[in-house]
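> Please see the structure below; I have some questions.
The values are calculated or read from the model by the stated rules, or taken from the named source; none is laboratory data. Given the structure is predicted, the values throughout are model-derived calculations rather than measurements. Here the Cβ is made from the backbone with ideal geometry for all residues, glycine too, and neighbour counts use every protein chain on show. In case anyone asks, the SASA skips ligands and DNA or RNA and just uses the protein heavy atoms, side chains included. Shrake-Rupley method; radii C 1.70, N 1.55, O 1.52, S 1.80 Å.
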Amino acid sequence: MGTAADLPAATRRSSDLSKHSAEVFAEAENHPVTVTRRDGEALVLMSQREAEGRTRLLQFAAQLITVTLDDRGSLAERMAKAFPWMLALSPADRETCAQDLVDAARASFSTDQPQLAIAELTSWKETATAIAAGLGRTDLEWLDEDTPVERP
């Protein structure tokens, strides 16, 4: 199984940044670019989205570490302390949510893809918010017949 460490590193010289800035900036929008310098330590150029994703992943990791250090209660109970919105979920959904979040975090860390854990966290939080707002309490009326609509 490959990891982010197996991916080719994008490295540019500082002269590339000054001579071909549009090209280097376009590359940095897709993935971090290491800019090497003769007169100092290499720098990493990345999009703000990438930097914020990494920061959110580290914050999530800190919360998960806190959860794992507490040995009182099940994983779902400990996770609900760190993420109070989980209390809007049923006990069975809390268990599923807790395991899904841990699995997504492991996948994010092993592939250096913060969006995996952040998307899972956001998805579960939005689900809990919808349930808390009462969206899961009404019976849905399903239409049995397909009704064609005109093309917009």
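> Which distance in Å, rounded to a whole number, links the C-alpha centroids of the range 40-60 and the range 81-152?
Result: 26 Å between the Cα centres.
> Counting other Cβ atoms within 10 Å, which chymotrypsin sites (Phe, Trp or Tyr not before Pro) in the range 79-152 have at most 15 and lie in a DSSP loop?
Answer by residue number: Trp142.
> If contacts are Cα pairs under 8 angstrom and at least 6 residues apart, what is the relative contact order of the chain in percent?
Once normalised by length, the contact order is 17 percent.
> Please list, in chain and number order, the residues 5+ apart from Arg12 or on another chain whose amide H is under 5 Å from its amide H, with Hs placed from the backbone.
Here Thr34, Val35, Thr36 satisfy the definition.
> Got the relative contact order for the range 1-91 handy, in percent, Cα pairs under 8 Å and 6 or more residues apart?
16 percent
> Compute the longest continuous run of the chain that contains no exposed GluC sites (Glu not before Pro); treat a site as exposed when its DSSP state is not H, G, I, E or B and it has at most 10 other Cβ atoms within 10 Å.
Maximal segment without exposed cleavage sites: 42-140.
> Tell me which trypsin sites (Lys or Arg not before Pro) from the range 1-90 have a DSSP coil assignment and no more than 11 other beta carbons within 10 Å of their own.
Here the sparse-neighbourhood loop sites are Arg38, Arg72.
> Specify which labelled value, from (1) 21.9, 71; (2) 15.3, 49; (3) 15.2, 45, agrees with Rg and Dmax of the Cα atoms in Å derived from the coordinates of the model shown.
Correct label is (1).
> Ignoring ligands, DNA and RNA, what accessible area per residue does the range 63-110 give at 1.4 Å, in Å²?
On a per-residue basis, 56 Å².
> Based on DSSP H runs of at least 4 residues, each adding -39500 (n - 2.57), what is the mean residue ellipticity at 222 nm of the chain after dividing by all its residues, to the nearest 500 deg cm²/dmol?
My calculation for the chain gives -18500 deg cm²/dmol from helical runs alone.
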